[in-house]
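Student: Quick one: the structure is below, and I'll ask about it shortly.
The values are calculated or read from the model by the stated rules, or taken from the named source; none is laboratory data. Keep in mind the model is a prediction, meaning the values are calculated, not measured. Every residue, glycine among them, receives a Cβ derived from its backbone with ideal geometry; neighbour counts consider all protein chains shown.
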Amino acid sequence: MLLEINPLVLPDVGLAFWSLIAFLVLLFVLGKFAWKPIMKAISEREQGIEDALAKADKVKAEMVALQSENETMINKAREERAKMLKEAKETAEKMVSEAKDKAKSEYDRIVAEAQQAITQQKNAALTDVKNQVGSLVVEVAEKVLRRELADKTGQEKYIKDLAEGVKLN
């Protein structure tokens, strides 16, 4: 049984000839009509893939350039923000310093005016006191002189004493 060969598996010259003819006809038909469109479609597909890869590389390079430009712009914006903050801080400090200086000069001016007013009032008070003291002295001297002038003998004696005290050259 095992040694028996199946007639379907035995090679036949006629079958081989017709199979070869069918293969050659198929090869001719495929070569004439199918290979060129298939090869064209394959080369177009290959070209499309290469173009897509080139485009992807180009987009990737653009993305890297944009990212670098983005980082540059972000850094520039940060620097500008820091500069603006620094300028604002300096301006605020300058304004505070100017306000302090202005307040100090205003304080000094008010103190000077107050001291001047105090000095003027003090001088006026001293002048008033001097005037009052002077008028009191005049009143007292007047009263003393009236009392002294009332006694005529006492006056004459006083004048003699003064005359004796003065030496003539």
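Here's the yes/no breakdown for (1) within 30 Å of Ile159 (Cβ to Cβ); (2) in contact with a helix residue (DSSP H, G or I) (Cβ under 6 Å, 6 or more places away or on another chain); (3) among the hydrophobic types (A, V, I, L, M, F, W, C):
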{"site": "Glu71", "(1), (2), (3)": "no, no, no"}
{"site": "Arg78", "(1), (2), (3)": "no, no, no"}
{"site": "Ala82", "(1), (2), (3)": "no, no, yes"}
{"site": "Lys86", "(1), (2), (3)": "no, no, no"}
{"site": "Glu93", "(1), (2), (3)": "no, no, no"}
{"site": "Glu98", "(1), (2), (3)": "no, no, no"}
{"site": "Ile110", "(1), (2), (3)": "no, no, yes"}
{"site": "Gly134", "(1), (2), (3)": "yes, no, no"}
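So that you can scan it fast, the table gives a plain yes or no per residue for (1) modelled with pLDDT of 90 or more; (2) within 60 Å of the chain's Cα centre (by Cα); (3) in a helix (DSSP H, G or I):
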position: Val111; (1), (2), (3): yes, yes, yes
position: Ala125; (1), (2), (3): yes, yes, yes
position: Val129; (1), (2), (3): no, no, yes
position: Lys157; (1), (2), (3): no, no, yes
position: Ala163; (1), (2), (3): no, no, yes
position: Lys167; (1), (2), (3): no, no, no
